[in-house]
Structures are given as C-alpha cells and as structure tokens.
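Single-structure report; data block below.
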Amino acid sequence: MPVITLPDGSKREYAQALTVAEVAASIGAGLAKAAIAGRVDGVLVDTSFLVERDVQLAIVTEKGADGLEIIRHSTSHLMAYAVKELFPEAQVTIGPVVENGFYYDFAYKRPFTPEDLAAIEKRMAELSKKDLPVTREVWARDKAVEFFKSIGEHYKAELIAAIPQGEDVSLYREGDFIDLCRGPHVPSTGKLKHFKLMKVAGAYWRGDSKNEQLQRIYGTAWAKKEELDGYLHMLEEAEKRDHRKLGRQLDLFHLQEEAPGLVFWHPHGWTVWQEIEQYMRRVYRDNGYQEVRCPQILDRALWEKSGHWEHFHANMFTTASENRDYGVKPMNCPGHIQLFNTDVRSYRDLPLRYGEFGSCHRNEPSGALHGVMRVRGFTQDDGHIFCTDDQIQPEVTAFNSLVRQVYSDFGFTDVAVKLALRPVSRVGSDEVWDKAEAALRASLTASGLTWEELPGEGAFYGPKIEFHIKDAIGRSWQCGTVQVDFSMPQRLGAEYVGEDNARHTPVMLHRAILGSLERFIGILVENHAGAFPLWLAPVQAVVTSISEGQADYAEHVAKMLRDAGLRVDCDLRGEKINYKIREHSLLKRPYIVVVGDKEKAAGLVALRARGNKDLGQMSPQALIDRLLHDKCTRSSEV
C-alpha cells in the first residue's frame, strides 16, 4: 500500500502499486491529460513508471523546465524516426537536448538539403498526429548490440557495446522506430506539436576529428505555439541585430583571418570604447578603487604558484626568452597580488581595492570564436579587493548594489543572479570552500536578492556570483561576477599585519562588472540594433546643409556643438537633402540638424531625431541644451 507525498505536502494512500499516469488520473482528469512524466524521489521517470513503495512524487507537465527538456528530448527521437522513414539508409547516432532545442547526428551518403529538412519536418508532424505510444523496453546489452547490427545501425551498436557487459540497456519504441535512450520520454507522439528544424551542420563521430564526419540536424521545440513563434521571432531579430554585420555597416570594428580572435577597432568603434572606459573609470574613482596596470607576460613560475599553469595552461599563450618560459596573462589576479606584496600592509589598509582595464589573451579554439563576443584578446574591467574575513559580506553587498546601478545606466534593468559553486577541479580545502560559499550567500541575502545556484560551475580558486542581463529581445548575457578567493593570496604569499600584530593572509575578491569590454560592446550593439543612446553614439549629431549657400552657417553651428563637448559631423556635400537624411538615418545617427536659407536667415536650425521624428525649428543654444540634457541623463531615447 504505497503512500505518495505530493509537492504540497499532502499524502495519498493507494491499495496497490500503480503507475505515475494512474496517480495523475486519481488527482484529476486535467492533470492526467497534462502529465508527460514524473519525478519520483527527485528522479525523472516515465508516466508508465510503477510506484510500489512510499515515495515523494511530482507530476511533470509541459509548464516547467523538466517538461520542456523532456519535450525537446522526445522531439529529437521523433526527428530520428522521420529521418529513418524518409531515408532508410541513414544511420542514427546521438541526439541530445541543447539550449533552446535539440540535435541529432546522422550518417548518410549525401548532404541533407533544405528541401530534405522541410520533408522531415512534415513527416514529424504526421507522426505526431498519429499519437503513437512511446514505450520503454529493457534489453540485455548483448541482445541489443546484435539487434542494432542486424538492422545496419552500427554506430548505435558501438555505443551499446561500450556499456559494461552484463548490464541491461534502456530502449524506447514509437511505431516502427526503436532507439537507445535512458529517458524519460513523453507518453505519446501526440504531445509533440510545436517544433521547427533549423539547420544542418557537420559533426564528427564522438566529437573526434579523426573519426567519420556526420550530419547534425538542429531543431527547436516548445510547449506552446506562441512560445515557438516568439523564439523564431527573436532569432529573426537577432539576425538583424548581428553585431558582426552592424560593426561593418556602422564602421565600428572588423575582424580578419590574419588575426583570428583579435579585433581591429575603427575610429567610431573606439569612440564607443572610450566612452565606456571613461564611464567605468569614474565608477572606479567614486567607489574607492585605485587604477593600476600590470605586465602582459609573467614568468611560468608565477603561474605555477598561482595554480593557473595546472588548471588553465591549455588556454594560455606561452613564449620563451633566454631559457625562461613565460605565460601571456589570461587574467589579471596574480599581477594584482604582486602589487599588494610590494609593501607591508596593515589591517588599517584594508579593504584595498585595485582596478585595471587589463588586456588578457586566451587560446580559445577557433571554432568557438564569434565576432567580438568570443575572442582571444580582450580587455576586462577587472578589479580585486583585498580584505579581512569580516569585510567580505559588506564588500560583496556593496558590489551587488554597484553592479546593478551600472547596468541600469546602460539601460539593462532585468538582471538575474546566479551563484556558481565548487567545481571538481579546484584548489583549497573543503573547509575553505564552505566558508567562501557561505559568505556569498550571506551577501546575497543582505542585498535582498533572489538567486539560482549552479553546482560545479565555480572558478577553480573560488565560488562566484554571476550577474546575467536581459537584452531588448529577451536574450540573457552573463557579464558581471564577484568571486571569493581564500587560496590564491596564500599561494602567492600575500600577508597583512592584523590588530594582534600577527601576520594574516587577506581574502581576495575578484570582481568585474562589464566583463570583457569587447563582448559588452557586442551586446550593446545588438541590444540597441546599432542605434546607441546619445551618450554612447560615436557621432551624436550631423549638421547638414540644403545647398552650398548655407555651408558657412552649417560649419558655425557644428563648431558651437563641438565646443559644447558634443561629437558632431558636418555634411556639406552637394547631394539632395533627402538623400543625405536617408544616408545618415541608415547610419543610425541620433540627431540630424538641417540648415537651409530660412534657418540661416533666422539664426535657427531644423532638427530631426532618429526614427524620422521632425522636432521643428529651434535656436542652436536650445539644441545644445537638449543634447547635453540627453547626454547627461544617459537617455536611451532621442
């Protein structure tokens, strides 16, 4: 007589063993229809799972994260089923869930075409309408190997053969298709209705370039049609906003093959960079940071002492000179400890805050590079705070407030907070990690923040708080971070004299707000679709004349604006005014200032704002006052 405890704490007693589906039906017809899986004592199971003892049970529907993952996993199998029906000679390999969707790798004699994808998607819809049961079967390993060999699925047979001998394997059957999988899956194909196949890419068997090349079909799946439509719309918007395309179009930056993962900044792009750097420099100054600069290359011995050589060497660029090995710095923290160590420090000196626009290099795989978002050479708004144990919470709490204010100034108000905890590969004792993680939790509580915990995702030297900003089309970007590090200062010999006149090791807080400036600028480009708010715009206004007769007046107005501290271009070309207005609109200039004979005679200007807004005539001084107000308030509107 199993007793089942539900998520609300209520208990239900049953006279005999029953399935998860039957439990759902006993609660209500609506839940029975919505159920796609269950979570029994924390483990996800199929609705066919038999409950024979007392358990805690949650019915999984499409509404939660578990349900969505199961829908996507099951849709990958539905896609494989459709591929096998349309292309019987294709071999199925591996098909996991990924962010926002799934993929499945296939071995086939020719490349899949866009027309093939359309046919596969159509066949998936037909199989969904049949509402075929999806059932789990348990086979002996050797029987499964022989079966898949007999139907020509040699990749699948190889996967199963790698399972220890004597173990059983889990298979799932839907219609005429059967596949290896641990599950769980939806109870029937009718639960899979809202999907889209996205693209085909190359992939190697088992991820090894020495193996056969396969074809990877990517797809997305959602619980509701409006969620699928919303996601596809977001992708369309993201393509329009692609920072690589806009970087060229707006003359901000470019990348080229001769310098993979490194950015060539054009004058307009460097203007945006400098505005951001000077803003952050004021943040440093106003919050007690001393700006510093450390060397790019440090001796291997220092990287070994810090732990980077052991844990990060594969991502470091190295060089040698006069029989000495050096590492090009992938991060700034060891250098800041060298600064700390140049003097005898007292507890009265703490907290000591260093900030650096530190240029770092990491040997990222070429396949991972992506515009300015993922590069090999980047600059961090990096800071390190040396403090006592008692100062951790107030310092981190203050930083939590500061980082949200900075994001607000850049127009990001939707910020998610995550706490990344100890990874498997790490330095320091469990006791030290317990203390560091507890300190970060306490600071988040003191800040009044809610957060999600990420087990195993901390840095090798300490746990970290991550700040994720949401952009204008709903994408999330991890930028800021603060980390508690008890280990590196000790490894590199940092000490201060305490109130007891004894030597102590300081705690080191690693913190960044924007993260990589390159990446943050890429995020800003895409968030604003290249239409920067006035304070960041590389050209804040363009003064353009209607004809040659107003050239001197246009130059006079442009000079007044420049003298007021504004970034202004002057367009005196002999083109038609509508042509010039259109051209500067495509370059997303915040303001276009037009002067003709009437404006010149009256000492006025005609003002147009981005978005084809006609703001009428005004005096040059009124124009200056308006632009300076927008600039100072960092308004995203013009």
*List every residue pair whose Cβ atoms sit under 9 Å apart, with the two residues 6 or more apart in sequence or on different chains, where the first one lies in the range 214-235 and is basic (Lys, Arg) and modelled with pLDDT of 95 or more and the second, anywhere, is outside any helix (DSSP H, G or I) and loosely packed, with under 14 Cβ neighbours inside 10 Å.*
ARG216/LYS199; ARG216/ALA201; ARG216/GLY202
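Results for (1) farther than 27 Å from THR450 by Cβ; (2) over 20 Å from the mean Cα position of the chain (by Cα); (3) without any contact (Cβ under 8 Å) to a residue 24 or more places away in the chain; (4) surrounded by fewer than 20 Cβ atoms within 10 Å (Cβ to Cβ), shown as yes or no for each residue.
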| position | (1), (2), (3), (4) |
| --- | --- |
| GLY355 | yes, yes, no, no |
| THR388 | yes, yes, no, yes |
| ASP409 | no, yes, no, yes |
| SER425 | yes, yes, no, yes |
| GLY428 | yes, yes, no, no |
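Among the strands (runs of 3 or more DSSP E) contained in the range 159-245, which hold 1 or more residues that are out of contact with any strand residue (DSSP E or B) (no Cβ under 7 Å at 6 or more places or on another chain) and surrounded by 12 or more Cβ atoms within 10 Å (Cβ to Cβ)? Show your work before the answer.
Details: elements: 168-174, 177-180, 194-204, 213-222.
Answer list for the range 159-245: 177-180.
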*Breaking point among (1) farther than 27 Å from ARG248 by Cβ; (2) buried (at least 21 other Cβ atoms within 10 Å of the Cβ); (3) out of contact with any strand residue (DSSP E or B) (no Cβ under 7 Å at 6 or more places or on another chain), for LEU536*: (1)
*Looking only at the range 97-130, which residues are loosely packed, with under 13 Cβ neighbours inside 10 Å and touching a strand residue (DSSP E or B) at 6+ places or on another chain (Cβ under 7 Å)?*
PRO111
*If you check ALA80 against the conditions, is it of a type outside the set (D, E, K, R), in a strand (DSSP E or B) and either touching a Cys at 6+ places or on another chain (Cβ under 6 Å) or touching a residue at least 40 places away in the same chain (Cβ under 8 Å) (or both)?*
no
*Consider VAL272 carefully, then state whether it is in contact with a helix residue (DSSP H, G or I) (Cβ under 9 Å, 6 or more places away or on another chain), of a type in the set (A, V, I, L, M, F, W, C), in contact (Cβ under 8 Å) with a residue 24 or more places away in the chain and surrounded by 13 or more Cβ atoms within 10 Å (Cβ to Cβ).*
yes
_Please count how many residues of the range 1-34 are of a type outside the set (Gly, Ala, Ser), closer than 17 Å to GLU62 by Cβ and surrounded by 13 or more Cβ atoms within 10 Å (Cβ to Cβ)._
3
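Take the range 597-613 and flag every residue that is of a type outside the set (A, V, I, L, M) and within 20 Å of GLN550 (Cα to Cα).
Going residue by residue through the range 597-613, those that are of a type outside the set (A, V, I, L, M) are 597-600, 603, 608, 610-613.
If the condition is that a residue be of a type outside the set (A, V, I, L, M) and within 20 Å of GLN550 (Cα to Cα), then ASP597, LYS598, GLU599, LYS600, GLY603, ARG608 are the ones that fit.
Kindly provide the set of residues from the range 361-374 that are assigned to a strand (DSSP E or B) and either surrounded by fewer than 17 Cβ atoms within 10 Å (Cβ to Cβ) or hydrophobic (A, V, I, L, M, F, W, C) (or both), ordered by number. Quick ask: steps written out before the conclusion?
Step one: list which residues in the range 361-374 are assigned to a strand (DSSP E or B), which gives 361, 370, 374.
Across the range 361-374, the qualifying residue is only HIS370.
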*Would you check which residues across the range 608-638 are in a strand (DSSP E or B), of a type in the set (A, V, I, L, M) and either touching a residue at least 24 places away in the same chain (Cβ under 8 Å) or touching a Pro at 6+ places or on another chain (Cβ under 6 Å) (or both) and list them?*
ALA609
*Could you say whether any residue in the range 594-607 is part of a loop (DSSP other than H, G, I, E, B), within 36 Å of the chain's Cα centre (by Cα), surrounded by 15 or more Cβ atoms within 10 Å (Cβ to Cβ) and modelled with pLDDT of 95 or more?*
no
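Mind listing just one residue for me: the one in the range 277-293 that is polar (S, T, N, Q) and either out of contact with any Gly (no Cβ under 8 Å at 6 or more places or on another chain) or farther than 23 Å from ASP349 by Cβ (or both) and, of those, surrounded by the fewest Cβ atoms within 10 Å (Cβ to Cβ)?
Our first condition is that a residue be polar (S, T, N, Q); within the range 277-293, this holds for 278, 287, 290.
Checking the rest, the ones that are also either out of contact with any Gly (no Cβ under 8 Å at 6 or more places or on another chain) or farther than 23 Å from ASP349 by Cβ (or both) come to 278, 287.
Values: GLN278: 10, ASN287: 14.
If we take residues in the range 277-293 being polar (S, T, N, Q) and either out of contact with any Gly (no Cβ under 8 Å at 6 or more places or on another chain) or farther than 23 Å from ASP349 by Cβ (or both), then GLN278 is surrounded by the fewest Cβ atoms within 10 Å (Cβ to Cβ).
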*asked:* Filter the range 498-524 down to the residues that are touching a Phe, Trp or Tyr at 6+ places or on another chain (Cβ under 7 Å), closer than 12 Å to MET373 by Cβ and in a strand (DSSP E or B) and list them by number.
replied: SER516
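May I ask you to list the residues in the range 294-312 that are crowded, with 16+ Cβ neighbours inside 10 Å and free of Cβ contacts under 8 Å to residues at least 40 places away in the same chain? Explain how you work it out, then say what you get.
First, pick out the residues of the range 294-312 that are crowded, with 16+ Cβ neighbours inside 10 Å: 294, 298, 300, 302-303, 305-309, 311-312.
Within the range 294-312, LEU298, ARG300, TRP303, HIS308, TRP309 meet the criteria.
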*What pairs can you find where one residue is in the range 38-57 and within 18 Å of ALA15 (Cβ to Cβ), the other is among the acidic types (Asp, Glu), and their Cβ atoms are less than 7 Å apart, with a gap of 6+ or different chains?*
VAL55/ASP41
*In the range 52-63, is there at least one residue being surrounded by fewer than 16 Cβ atoms within 10 Å (Cβ to Cβ) and either at pLDDT 95 or above or within 20 Å of ALA223 (Cα to Cα) (or both)?*
yes
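Within the range 313-330, count every residue that is touching a residue at least 40 places away in the same chain (Cβ under 8 Å) and closer than 18 Å to SER425 by Cα. Walk me through it before giving the result.
Here is the first cut: in the range 313-330, the residues touching a residue at least 40 places away in the same chain (Cβ under 8 Å) are 314-317.
Within this subset, residues satisfying the condition of being closer than 18 Å to SER425 by Cα are 314-316.
Here the count works out to 3.
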*Please determine, by comparing only the residues of the range 466-497 that are among the aromatic types (Phe, Trp, Tyr) and part of a strand (DSSP E or B), which one is farthest from LEU419 (Cα to Cα).*
TYR496
*Taking the range 483-504 as the region of interest, how many residues are of a type outside the set (Lys, Arg) and touching a Gly at 6+ places or on another chain (Cβ under 9 Å)?*
8
*Failed condition for LYS559, given (1) in a loop (DSSP other than H, G, I, E, B); (2) exposed (fewer than 15 other Cβ atoms within 10 Å of the Cβ), with all others met?*
(1)
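Would you mind finding the one in LYS470, LYS418 that is under 17 Å from the mean Cα position of the chain (by Cα), surrounded by fewer than 21 Cβ atoms within 10 Å (Cβ to Cβ), under 30 Å from LYS305 (Cα atoms) and not β-branched (Val, Ile, Thr)? If you could, list the steps in order and put the result at the bottom.
Values: LYS470 fails: under 30 Å from LYS305 (Cα atoms).
Exactly one residue qualifies, and that residue is LYS418.
The values are calculated or read from the model by the stated rules, or taken from the named source; none is laboratory data. Values in this document were obtained by computation on a predicted structure and should not be read as measured data. Backbone-built Cβ (ideal geometry, glycine too); neighbour counts: all protein chains shown.
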